[in-house]
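Notes for the one structure printed next.
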Amino acid sequence: MHVAGLDRELPICKVNDELYIGAFIMFGDAELTVACARDLLEMAKSIEYDYLFTAEAKSIPLIHEMARQSGATKYFIARKGPKVYMPDPISVDDQSITTLSLQRLYLGSDDAALIKGKRVLIVDDVISTGGSLKAMEALVEKAGGTVAGRMAVLAEGGAAERGDIKFLEKLPVFNADGSIK
């Protein structure tokens, strides 16, 4: 895979008997995280937004680096479980291709109050089926914010055909024999 000027080998992982994906993991790859944040911020120049927003966990280093490079002092992370430090959390259901089961995303009411009336740019590492993206959108709207845009490092499979997502590169999905679907 070539993304943000860098080359990386992606392991192919089985989702089910008919679908395999290239596993794009930014954890531990500081060079890739910095480069992808830089290129996404360049793309984001055409979007008016107040805050960056992502879901836990693989995109946390990315959104942090985007905030650092842009000078943002606050960003938001939808958590996969309620935490004791979250006052009166709001939640929505989430179903993504990699979690394989229904889960819920949470945001504390303190963060929701900051999002209310603001324009929010949703960022993810990979957008595939759009399940996590839909859940993040619902959480922003439930908090009273407006989704200003959607972006990801990679758009997997059919997500690359969506006109509402900005992304750096396409990521194909694979058949069991290793051929591209």
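May I ask you to list the residues in the range 102-124 that are in contact with a strand residue (DSSP E or B) (Cβ under 9 Å, 6 or more places away or on another chain), open to solvent by 10 Å² or more (accessible area, probe 1.4 Å) and outside any helix (DSSP H, G or I)?
Leu102, Gln103, Arg104, Tyr106, Gly117, Lys118, Arg119, Asp124
Mind listing whichever residues of the range 5-41 are among the basic types (Lys, Arg) and in contact with a helix residue (DSSP H, G or I) (Cβ under 7 Å, 6 or more places away or on another chain)?
Hits for the range 5-41 are Arg8, Arg38.
Please verify whether the range 59-77 includes one or more residues that are in contact (Cβ under 8 Å) with a residue 40 or more places away in the chain and over 19 Å from Phe24 (Cβ atoms).
yes
Which of the residues belonging to the range 137-160 are assigned to a helix (DSSP H, G or I), modelled with pLDDT under 95 and open to solvent by less than 10 Å² (accessible area, probe 1.4 Å)?
Residue satisfying the conditions is Ala159 alone.
Determine which member of the set Thr73, Thr54 is more than 17 Å from the chain's Cα centre (by Cα) and either in a strand (DSSP E or B) or exposed (fewer than 15 other Cβ atoms within 10 Å of the Cβ) (or both).
Thr73
Out of Glu31, Glu48, Glu42, report the one residue that is outside any loop (DSSP other than H, G, I, E, B), within 16 Å of Lys166 (Cα to Cα), open to solvent by 50 Å² or more (accessible area, probe 1.4 Å) and not polar (S, T, N, Q).
Testing whether each residue is outside any loop (DSSP other than H, G, I, E, B), within 16 Å of Lys166 (Cα to Cα), open to solvent by 50 Å² or more (accessible area, probe 1.4 Å) and not polar (S, T, N, Q) leaves just Glu42.
The values are calculated or read from the model by the stated rules, or taken from the named source; none is laboratory data. Just so you know, these numbers come straight off a predicted model, no measurement behind them. As a convention, Cβ positions derive from the backbone with ideal geometry for all residues, glycine included, and neighbour counts pool all protein chains shown. Areas reflect the complete protein model, heavy atoms only, side chains present, ligands, DNA and RNA absent. Shrake-Rupley method; radii C 1.70, N 1.55, O 1.52, S 1.80 Å.
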